[in-house]
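Trainee: Take this structure first; my questions come after.
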Amino acid sequence: MLNFDLAYARGEFRLDASAQIAGGVTGICGPSGSGKSTLLLLIAGLLKPQGGSLHFGDEMLVDRARRMFVPAWRRHFGLVFQDGQLFPHMSVRDNLLYGHARLAAEGRLFPLDTVLQLLEIGHLLDRRPAMLSGGERQRVALGRALLYSPRLLLLDEPLSSLDDRLKQQILPFLRRVKDETRIPMLYVTHARPEVDFLADRVLLMDRGRLAPESRASNTAHA
């Protein structure tokens, strides 16, 4: 599904990461500063690697030897940041529908009402991001990514700002997304119970390198 061998340097930090990742959910764990978020940005197309290649299925997205680089907007990947990254001048409704409205009806995996109910954000539709709490912004960001119906979902500590009650509600929804839609996910987190609940496999990152894969238990509860 996803095959990459990427090199990226910034200052003294260097990332040299390679993996072949099948469908389902892949957890990426590692200490702060190890390169987990940098790797997601490289896969999303928001950072350009200095070397290497990246394939998604049969499609080549990066081949630095041939100076090939497909920009983020053409990859149709969804990305959820730790801090939401919502458009500040738009209402919650317009943020949620930003990508959804640009999709053909047959390409939409979720109706708006389903996402509003499951993430408990229906009462926020007319607010601007500045009027939201951190947890509310994150739920809106997650809803926006899901309504975009991405072919790959990249999640960078997506639940870190939520309380335990909402985590217990959203994690089963993400697992339902995994099981029913087969949207592959890369899930970065420091919270091992989240990975064990959701992920099919775990990659460990340290100092810009990915360690051999190990199995997530899928038995723990976040």
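Trainee: Residues that are at pLDDT below 90, in a strand (DSSP E or B) and out of contact with any Phe, Trp or Tyr (no Cβ under 6 Å at 6 or more places or on another chain): does the stretch 203-216 have at least one?
Mentor: yes
Trainee: Output the residues belonging to the stretch 26-45 that are of a type in the set (A, V, I, L, M) and either under 20 Å from A72 (Cα atoms) or in contact with a Phe, Trp or Tyr (Cβ under 6 Å, 6 or more places away or on another chain) (or both).
Mentor: L39, L40, L41, L42, I43, A44
Trainee: If you don't mind, another one. Could you list, ordered by first residue, the pairs with Cβ atoms under 6 Å in which the first is in the stretch 74-92 and in contact (Cβ under 8 Å) with a residue 24 or more places away in the chain and of a type in the set (S, T, N, Q) and the second is loosely packed, with under 15 Cβ neighbours inside 10 Å and not in a helix (DSSP H, G or I), at least 6 apart or interchain?
Mentor: S91/D126
Trainee: On to the next question. Of the conditions (1) within 19 Å of V202 (Cα to Cα); (2) surrounded by 19 or more Cβ atoms within 10 Å (Cβ to Cβ), Y8 clears all except one; give me its number.
Mentor: So the condition that Y8 fails would be (1).
Trainee: Of the numbered conditions (1) under 20 Å from E180 (Cβ atoms); (2) over 18 Å from the mean Cα position of the chain (by Cα), L119 satisfies every one except a single condition; which is it?
Mentor: (2)
Trainee: Quick one: how many residues across the stretch 122-143 are over 16 Å from L155 (Cα atoms) and free of Cβ contacts under 8 Å to residues at least 40 places away in the same chain?
Mentor: Counting residues in the stretch 122-143 that are over 16 Å from L155 (Cα atoms) and free of Cβ contacts under 8 Å to residues at least 40 places away in the same chain gives 9.
Trainee: With respect to R74, is the statement that it is of a type outside the set (A, V, I, L, M) and loosely packed, with under 12 Cβ neighbours inside 10 Å true?
Mentor: It is true that R74 is of a type outside the set (A, V, I, L, M) and loosely packed, with under 12 Cβ neighbours inside 10 Å.
Trainee: Could you check the stretch 34-56 and list, in sequence order, the residues that are in contact with a helix residue (DSSP H, G or I) (Cβ under 9 Å, 6 or more places away or on another chain), in a helix (DSSP H, G or I) and within 11 Å of A17 (Cβ to Cβ)?
Mentor: I43
Trainee: Next question, about the same structure. Sort through L162, L153 and tell me the only one that's in contact with a Gly (Cβ under 9 Å, 6 or more places away or on another chain), crowded, with 18+ Cβ neighbours inside 10 Å and at pLDDT below 90.
Mentor: Criteria check complete, one pass: L162.
Trainee: Is it the case, given these coordinates, that L46 is of a type in the set (A, V, I, L, M, F, W, C), without any contact (Cβ under 8 Å) to a residue 40 or more places away in the chain and under 22 Å from E194 (Cβ atoms)?
Mentor: no
Trainee: Of all residues being of a type outside the set (S, T, N, Q) and surrounded by 20 or more Cβ atoms within 10 Å (Cβ to Cβ) in the stretch 27-40, which is farthest from A9 (Cα to Cα)? Just the residue, please.
Mentor: G27
Trainee: Scan F69, F13 and give me the residue that is surrounded by fewer than 17 Cβ atoms within 10 Å (Cβ to Cβ), free of Cβ contacts under 8 Å to residues at least 40 places away in the same chain and of a type outside the set (V, I, T).
Mentor: After ruling out the rest, the residue left standing is F69.
The values are calculated or read from the model by the stated rules, or taken from the named source; none is laboratory data. Nothing here was measured: the structure is a model prediction, and the numbers come from that model. Note that each Cβ is placed from the backbone with ideal geometry, even for glycine, and that neighbours are counted across all protein chains shown.
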